[in-house]
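Engineer: Pasting in a structure now, in structure tokens, and then I'll have a few things to ask.
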């Protein structure tokens, strides 16, 4: 195999291509294998958890359909971790058979191997961006809406998966939201400037009409200092700036929303005087995810050429799991810390990535 890695002339270019394809293919196959295992295990765990909610309206098939629809979001979530562990496994196999030693003996530099490994991971990162921006948000909305509709009968505010929202002095709750702009189990609580309850309205459903909502089967109670008045209506017009798109962003967790929606909704929350740091943090994490993948892969490469050069496959996988957990834990700690201490969510998303890049670069510099 050694002569096959030489360089020079046209034949050298072909050998470079074969090197890229061989090493990149080994790494890519390992990443996809790890991703399949992680997503499969997470889906099984989600199915077991959802099975506790099976009822007459939320059947076994509904649970299966819900878990199936959430698969794109799970794929997006596990891509960085799969890139880290997959890189350790793919390069580890080459190191175990001394193929990396042969490549280095043939004149292939560590920098060259780093780029060869980075190329398939960049492909995975690009695929992750497409899934996170296009596929996952749509299917996540369908999954959450379908589950909420099945779980909630549409009365009152006791729905398990309902949505709370606020607009000025009005607090709103919706039991379930359909993708076509229909909501079920609507409750509107209106307060005055002294935080006294002025009116409470409940509606069986509401349909978006383009510039307003039409509430159906309405029961309204008005409160005054002397009395309460209760009225019932078949339908009622409700003028508000809240749209189905805004409600969708409450149904789907911030890390599953596309960047455009995260930016738009964070601006809306600020206009309403509400805290938007969660959505800004999710936005920066999505923007920086390709860089996060590159940082984790760089750490994996540095481990293979450094402390784990002669380690077993089990040790490499264990090291990858520990690094992945440490990376995720640092993200989970810095995110809430940015909310408590008031520093920018950008720093909370960027610091773990910079640490990975610095650690990987430092270990690789020792391996030269």
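Engineer: Give just the number: which of (1) part of a helix (DSSP H, G or I); (2) modelled with pLDDT under 90; (3) farther than 21 Å from residue 20 by Cβ does residue 76 not satisfy?
Structural biologist: (2)
Engineer: Also, quick follow-up: Of these, 234, 211, 278, which one is more than 24 Å from residue 149 (Cβ to Cβ) and loosely packed, with under 13 Cβ neighbours inside 10 Å?
Structural biologist: 211
Engineer: Continuing with this model, one more query. With the stretch 174-281 as the region, which strands (runs of 3 or more DSSP E) entirely inside it contain at least 3 residues that are free of Cβ contacts under 8 Å to residues at least 12 places away in the same chain?
Structural biologist: Passing ranges, in order: 228-238.
Engineer: Same structure again: Restricting attention to the stretch 241-248, does a residue exist that is within 14 Å of the chain's Cα centre (by Cα), surrounded by 13 or more Cβ atoms within 10 Å (Cβ to Cβ), within 22 Å of residue 70 (Cα to Cα) and modelled with pLDDT under 90?
Structural biologist: Within the stretch 241-248, not a single residue is within 14 Å of the chain's Cα centre (by Cα), surrounded by 13 or more Cβ atoms within 10 Å (Cβ to Cβ), within 22 Å of residue 70 (Cα to Cα) and modelled with pLDDT under 90.
Engineer: Can you tell me which condition residue 98 does not meet? The list is (1) on the phi > 0 side of the Ramachandran plot; (2) in contact (Cβ under 8 Å) with a residue 24 or more places away in the chain, and all the others hold.
Structural biologist: Of everything listed in (1) on the phi > 0 side of the Ramachandran plot; (2) in contact (Cβ under 8 Å) with a residue 24 or more places away in the chain, residue 98 misses just condition (2).
Residues are listed down the side, and each one gets a yes or a no for (1) in a helix (DSSP H, G or I); (2) in the same structural domain as residue 104 (by TED's automatic domain parsing); (3) under 22 Å from the mean Cα position of the chain (by Cα); (4) more than 21 Å from residue 279 (Cα to Cα):
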site	(1), (2), (3), (4)
296	yes, yes, yes, yes
300	yes, yes, no, yes
315	yes, yes, no, yes
328	yes, yes, yes, no
339	yes, yes, yes, no
346	yes, yes, yes, no
350	yes, yes, yes, no
355	yes, yes, yes, yes
360	yes, yes, no, yes
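Engineer: Among the residues of the stretch 286-306, are any over 26 Å from residue 364 (Cβ atoms), surrounded by 15 or more Cβ atoms within 10 Å (Cβ to Cβ) and touching a strand residue (DSSP E or B) at 6+ places or on another chain (Cβ under 7 Å)?
Structural biologist: Within the stretch 286-306, none of the residues are over 26 Å from residue 364 (Cβ atoms), surrounded by 15 or more Cβ atoms within 10 Å (Cβ to Cβ) and touching a strand residue (DSSP E or B) at 6+ places or on another chain (Cβ under 7 Å).
Engineer: Could you grab me the full set of residues in the stretch 105-146 that are assigned to a loop (DSSP other than H, G, I, E, B) and buried (at least 17 other Cβ atoms within 10 Å of the Cβ)?
Structural biologist: 108
Engineer: Related question: Within the stretch 1-31, take every residue that is surrounded by fewer than 15 Cβ atoms within 10 Å (Cβ to Cβ) and at pLDDT 85 or above and give me the one that is farthest from residue 123 (Cα to Cα).
Structural biologist: My answer is 21.
Engineer: Looking at (1) over 22 Å from residue 210 (Cα atoms); (2) at pLDDT 80 or above, which is the one condition that is false for residue 310?
Structural biologist: (2)
Engineer: Would you mind telling me which numbered condition in (1) surrounded by 19 or more Cβ atoms within 10 Å (Cβ to Cβ); (2) within 19 Å of residue 253 (Cα to Cα) residue 34 fails?
Structural biologist: For residue 34, the exception is condition (2).
The values are calculated or read from the model by the stated rules, or taken from the named source; none is laboratory data. Since this is a predicted model, take the numbers as computed values, not measurements. When we count neighbours, we look across all protein chains shown, and the Cβ atoms used for this are built from the backbone with ideal geometry, even at glycine.
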